[in-house]
4 protein chains.
Amino acid sequence: MADLQAILDSIYTDILPRVGEGKVADYIPELAKIDPRQFGMTIVTVDGKVYRVGDADIAFSIQSISKVFMLTLALGKVGESLWKRVGREPSGSAFNSIVQLEHESGIPRNPFINAGAIAVTDVVMAGHAPREAIGELLRFVRYLADDESITIDDKVARSETQTGYRNVALANFMRAYRNLDHPVEHVLGVYFHQCALSMNCEQLARAGLFLAARGSNPMTGHSVVSPKRARRINALMLTCGHYDGSGDFAYHVGLPGKSGVGGGIFAVAPGIASIAVWSPGLNKVGNSQLGAVALEMLAARTGWSVFGD
Amino acid sequence: MADLQAILDSIYTDILPRVGEGKVADYIPELAKIDPRQFGMTIVTVDGKVYRVGDADIAFSIQSISKVFMLTLALGKVGESLWKRVGREPSGSAFNSIVQLEHESGIPRNPFINAGAIAVTDVVMAGHAPREAIGELLRFVRYLADDESITIDDKVARSETQTGYRNVALANFMRAYRNLDHPVEHVLGVYFHQCALSMNCEQLARAGLFLAARGSNPMTGHSVVSPKRARRINALMLTCGHYDGSGDFAYHVGLPGKSGVGGGIFAVAPGIASIAVWSPGLNKVGNSQLGAVALEMLAARTGWSVFGD
Amino acid sequence: MADLQAILDSIYTDILPRVGEGKVADYIPELAKIDPRQFGMTIVTVDGKVYRVGDADIAFSIQSISKVFMLTLALGKVGESLWKRVGREPSGSAFNSIVQLEHESGIPRNPFINAGAIAVTDVVMAGHAPREAIGELLRFVRYLADDESITIDDKVARSETQTGYRNVALANFMRAYRNLDHPVEHVLGVYFHQCALSMNCEQLARAGLFLAARGSNPMTGHSVVSPKRARRINALMLTCGHYDGSGDFAYHVGLPGKSGVGGGIFAVAPGIASIAVWSPGLNKVGNSQLGAVALEMLAARTGWSVFGD
Amino acid sequence: MADLQAILDSIYTDILPRVGEGKVADYIPELAKIDPRQFGMTIVTVDGKVYRVGDADIAFSIQSISKVFMLTLALGKVGESLWKRVGREPSGSAFNSIVQLEHESGIPRNPFINAGAIAVTDVVMAGHAPREAIGELLRFVRYLADDESITIDDKVARSETQTGYRNVALANFMRAYRNLDHPVEHVLGVYFHQCALSMNCEQLARAGLFLAARGSNPMTGHSVVSPKRARRINALMLTCGHYDGSGDFAYHVGLPGKSGVGGGIFAVAPGIASIAVWSPGLNKVGNSQLGAVALEMLAARTGWSVFGD
């Protein structure tokens, strides 16, 4: 795969004239300050090679991408019984919709919409104070990426805490249906901190490499989950990873992935590589506009789509 | 792949004691008469080998699986402009729901829910009388499977025509939103006939082999669609192919697939094989119960999941 | 009540400069041709006096106002058992919405939304051919108004038959839930004809006078329904008579009433009078804009609001 | 009206054997402790006569009936501009539904569902600390009833504060849509206290007498609102006062009214009397079962229905 760097470079060349497209998330004040004219991308292959381009070393708020790591932790704690608390189906609605919760008795459709991620966080917290749960996640992500320098951006966490009314509504609604064990403010405290994880493309690609490599990180030798669980997390990312744009992402890119409103997208080419891309401008459904374009180019130029070459 | 037959045999052994599970579709009178104690499965690999087990040579009503062939025809006719008429996102609701249509101005969410398939049929009909459109589809499927013996079961088509009130409602609703060009009864006439296509597992696996083989049927040499389009149809099957059970199917099986209420499931292992399985008993979301179980076994025993081995 | 004519005249004076406001219903081609610059109003008191102003003698299509007469017929036939087939609650949605039907298993929310009226028509048809049912309604309305000259406008009925896709959808949807006994085309045949009843303000006010007068028409001496049933029909008109504008009508006018997209509104001042007003321009929720304004003026100037003087 | 007492007595005789029917509200722990075997009723006529029967002097939690008094205060403060913040249409859904809020951008359908009442409370709070707003309401209700002994039950208020997750969800959801000016916990603090107003039937009937008497309390001579506003509040009670049972209440009783989950119902016979009834057992839609039955008897035996005698 000597030409992966060439492919990344060609993508960068094609993307550069468009840098700045899309709209930075503005409902979280701290994110609204980010300069949209940035783009970075990193590929880490299962044999440990790293390819990068652009602003791949600038840390950004991973936001909803953190839901993948929390899901992994929750499955590690309670296994398949997690699915009593949250479903596994695409939602057919916006990431922060509450309608589905009312129609389906407080059980969120999947772990990647906000309500589902909040339920997953509640599961991870079992037996922990909020501060401990945040610490556990941070240690887990550092361990996955083999990088102790990863941090949580407190300013972003605070910014969300002050404006996250819809998330407060979702959490209280689930609590009303007894689908939340801990006090709402504790669960959201953890949730807002996990969303505020600050990572650059390389850290993110390394942290998720286990999903491309049968559940183990080939660079560190750490076994994280079983091959079966890795497949299943990938399946969830493919069907539900981009809110109400999941079908579109599968159609155009063809890789399991998870996006965040910070402009990052994490993607997996099973058996081959993990990929992280970042560009802050978002499209209409809230996914990084150029990130999605870059991944479509990557899939087309490498033949990595899971749906055929 | 000398052991594929052995894997099929082992699946058959495991399934046999459970044959009869699930509930035969009863809302179409003609289908309600089918004996649920049947199970067949066929694999056709991209190098042209055929493996079969059980009732693989008994013809059944492919029902919604026909939506894959009609979608292929429609994309061939109008290309990507098809997506003005129908979306590409999972619906988050039942196969015959009309709620989404009203909330989204008569544009069905995807081509694999009933409303979307009816819109696709309307597109395929352009310039044709109903009888001609039915003939075109039949010729296309025979050509794909390289088998002139495939027929349409008129009794099933008539049975649906007499009881398909929800489909009549869906079609009229779309017509009210001007998302149907032809008279409702003509479109549904074609639609009910396409659903009544009668095929056995082997015919079905052959007919869909092009989706596993970069768009061309390696057994006949026929080029059907471009590799890109084959990938995209596979992506749609994975995200939307099993109604509100699509996420679950991806989670457990990990292969693009399309189910029908006749008890058939068609699945694709990109670059490797196409698979057809049939067992009439359905699970709660309307997919073949043992068909799904058999495919999960197959994916586990072969490592064919698109999400990793 | 010698000054009722003076009040009507003052209303007419105030309305005249605004005649032409609103938008003629355009989804029924035959109605789209009506000149919006018309306004008529008639009051018939329970002691048999008739007051009129403007175009009170021009016949118009009463459309949904006919639902009141069909409901009266249906209650006469099956009594309170009617409420197994249709509810009595405001719908909280548009007159032709199908969403509620799916969420509530094919039982329409009330007899004054389209779906509910179609179910009521199905009840009235029991034992009748469509032509007979239409004849029965026409005889009933002529009897109520004591006027044999009332007719049905076949052109309007045909116009609706050709474009009423949403009503066809509603009827088929209910049939799927087994909440329709007769063939859809028969029920809609009757429904479209009842909507095409052509009456002028005076005929309409006379026909509905029994609802203001304890169930009997004081002008003809005919007893139509019991006092209790008259009250109940009035209650249904007040809570559900104007689709998703019922609350607003109650707030501003304060009289039980039923509107139609032909621009007519029928209203009742219990114990005092029945009122018919007509002006073809509709407001945003599909009710006669100036008709509603005129009734608000009438209620204010007479003190007839049921909610206090 | 010498026989009003006789009518009340006859109702009491008919109700007594059924006392205990229905189910006490159990989602507010403090209310769940109430003995369901209680029934009281008071009528106050516009000429100042008071008729009572049963447990008319036992104070109960008026809960949602308080929404009528808060609406009156809010209209007094901001007039018709209130309707920018809340609608005037029946909701077609449960009292605590959040679905409608999402579909209609955070504007509650009417002031009598929970979300609407919370918005109204927010309006009343303008310029006040929560404690002051609660004090203002308490003074207003005491003034209306001419009874300084009316209090707020702090235990009930606290009980709701601890379990009112759905209300917290509703308030945060509206805040997300910028339809709440004050901090959620402040608004809900006031809201839960207003719901905890403790009054007996006689106090309640007196407090609401102005709505039966053209806006002024004939017993105290206090002018509260204009006749027009009194009519309009009555109209809102009739169309929206009993959540998704409003149509049914209008059909059977025919009087404007407002129910609360504490088992109270307040009703108005415009120009004649105000009525308060209390019995803690609730029916399926959350209204006092025997309270509704008693009011239906009263309307039938007095001819007070606004829809005709």
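No value in this document is a laboratory result; all are computed from the given coordinates. Here the structure is a predicted model, which is why all the values come from computation and not from measurement. Neighbour counts run over all protein chains shown; Cβ positions are idealised from the backbone, glycine included.
Some points to look at:
- Relative to one another, the C-alpha centroids of the range A:196-252 and the range D:168-192 are positioned 38 Å apart.
- Acute angle (nearest 10 degrees) that the helix D:165-176 long axis makes with the longest principal axis of chain D, alpha-carbon atoms: 50
- Legend: ranking of residues C:Phe140, C:Phe173, B:Phe69 from fewest to most surrounding C-beta atoms inside 10 Å; resulting order C:Phe140, B:Phe69, C:Phe173.
- The residue of chain D whose Cβ sits closest to the rotation axis that maps D onto C, together with that distance in whole Å, is D:Gly92, 1.
- Dipole of the range C:64-195 [Lys/Arg +1, Asp/Glu -1 at C-beta], most positive-end residue of C:Ile113, C:Tyr177, C:Thr161: C:Tyr177
- At R0 = 45 Å, FRET efficiency that the Cβ-Cβ distance of A:Gln162 and B:Leu16 yields, to 0.05: 0.15
- Order of D:Asp244, D:Asp47, A:Asp309 - criterion: other Cβ atoms within 10 Å of each residue's Cβ, fewest first: D:Asp47, A:Asp309, D:Asp244
- Debye, to nearest 20: dipole size of the range A:141-206, +1 on Lys, Arg Cβ, -1 on Asp, Glu Cβ: 380
- J(HN,Hα) series, the range D:180-189, from Karplus relation 6.51 cos²θ - 1.76 cosθ + 1.60, nearest Hz, glycine and proline x: 8, 8, 9, x, 3, 5, 5, 4, 5, x
- Overall form of the range A:64-195 per C-alpha gyration tensor (a/c, 1.5; a/b vs b/c): prolate
- Nm distances between copies for C:Gly20, ranked from closest, using label points 7 Å along Cα→Cβ: 5.0, 7.2, 7.9
- The charge dipole of the protein assembly as shown, taken about its Cα centre with unit charges on the Cβ of Lys, Arg, Asp and Glu (plus for the first two, minus for the last two), comes to roughly 0 debye.
- Charge tally in the Cβ shell below 13 Å around A:Ala169, where Lys, Arg are +1 and Asp, Glu are -1, A:Ala169 excluded: +2
- Cross-link partners of D:Lys23 among aspartates and glutamates, defined as those whose alpha carbon lies under 17 angstrom from its own and excluding same-chain residues fewer than eight positions apart: D:Asp35.
- Computed from Cα positions, the angle between helix B:289-302 and the longest principal axis of chain B comes to roughly 50 degrees.
- Cleavage-rule hits, trypsin sites (Lys or Arg not before Pro), the range C:176-278, DSSP coil, Cβ neighbours within 10 Å at most 14: C:Arg178
- Burial ordering of C:Val285, A:Val184, fewest other beta-carbon atoms within 10 Å first: C:Val285, A:Val184
- Pairs from C:Lys258/D:Lys84; C:Lys33/C:Lys155; C:Lys77/C:Lys228; C:Lys67/C:Lys228 whose Cα-Cα separation, in the structure shown, is over 23 Å: C:Lys258/D:Lys84
- Projecting 7 Å from Cα along the Cα-to-Cβ direction, the label point of C:Ala6 sits 4.2, 9.8, 10.6 nm from its equivalents in the other copies, listed shortest first.
- Hypothetical label at B:Tyr27: residues of the range C:167-203 whose amide nitrogen lies under 18 Å (7 Å Cα-Cβ projection): C:169-181, C:184
- Between the range A:26-54 and the range C:255-309, the Cα center-to-center distance that results, in Å: 62
- Within the protein assembly as shown, DSSP assigns beta bridges of which about 100% are antiparallel (rounded to the nearest 5).
- Shortest-first nm distances, C:Lys77 label point to equivalent points in other copies (7 Å, Cα→Cβ): 4.2, 5.3, 6.1
- For chain A, the longest principal axis of the Cα atoms and the long axis of helix A:4-15 meet at an angle of about 80 degrees.
- Taking a ≥ b ≥ c as the square roots of the eigenvalues of the Cα gyration tensor, the range D:160-280 is prolate, since a/c reaches 1.5 or more and a/b is larger than b/c.
- Theoretical ellipticity at 222 nm over the protein assembly as shown - DSSP helices of four or more residues, -39500 (n - 2.57) apiece, nearest 500: -13500 deg cm²/dmol
- For the range B:76-161, the set of GluC sites (Glu not before Pro) satisfying both a DSSP loop assignment and a count of at most 15 other C-beta atoms within 10 Å is given as B:Glu104, B:Glu148.
- Each Lys and Arg contributes +1 and each Asp and Glu -1, all at the Cβ; summed about the Cα centre of chain B, the dipole is approximately 700 debye.
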